[in-house]
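A short write-up of the structure that comes next.
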Amino acid sequence: DLLINTVPARIFDRDVLSRISPDGRMMELASAPFGLDFDEAERLGVRAELASGLPGKFFPETAGYAVADTVLELLREKEILF
């Protein structure tokens, strides 16, 4: 099993990490403060990889367009941009 996190808020605490399969792996794509408690993962023997900024490192143009589209949509929703 592979769990990939993109949420930059601590959502994978001891309770969640204790349910990860011993053969499972977690990949953290979010920016700090990260969703994964790496210290707790290590204590529980959960294999976890930090890969922050992965989309921007390997696909910078596509990642840039995705961020720009999201920002524009948020501005439209708040009626700041028409």
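The values are calculated or read from the model by the stated rules, or taken from the named source; none is laboratory data. In this text the structure is predicted, and so the values were computed from the model without any measurement. Please note: Cβ atoms are built from the backbone with ideal geometry, for glycine as well, and neighbour counts cover all protein chains shown. Each accessible area value is taken on the protein alone, full model and side chains, heavy atoms only, with ligands, DNA and RNA left out. Shrake-Rupley method; radii C 1.70, N 1.55, O 1.52, S 1.80 Å.
Observations on the model:
- When residues in segment 59-82 are screened for being open to solvent by 60 Å² or more (accessible area, probe 1.4 Å) and either within 25 Å of R10 (Cα to Cα) or touching a residue at least 24 places away in the same chain (Cβ under 8 Å) (or both), 4 of them pass.
- Tally, over segment 1-20, of residues that are over 27 Å from K57 (Cα atoms), hydrophobic (A, V, I, L, M, F, W, C) and outside any loop (DSSP other than H, G, I, E, B): 2
- Test for I80: is it touching a strand residue (DSSP E or B) at 6+ places or on another chain (Cβ under 6 Å) and of a type in the set (V, I, T): no
- Whenever a residue of segment 1-18 is farther than 15 Å from L50 by Cα, its partners that are hydrophobic (A, V, I, L, M, F, W, C) and not in a strand (DSSP E or B), lying with C-beta atoms within less than 9 angstrom and at least six residues away or across chains, give the pairs D1/I20; R14/L44; L17/A41; L17/L44; L17/V46; S18/L44; S18/V46.
- Flag for D23 being surrounded by fewer than 11 Cβ atoms within 10 Å (Cβ to Cβ), part of a helix (DSSP H, G or I) and either free of Cβ contacts under 8 Å to residues at least 60 places away in the same chain or touching a strand residue (DSSP E or B) at 6+ places or on another chain (Cβ under 6 Å) (or both): no
- Among the residues of segment 32-53, those identified as within 17 Å of T6 (Cβ to Cβ) and surrounded by fewer than 12 Cβ atoms within 10 Å (Cβ to Cβ) are A32, P33.
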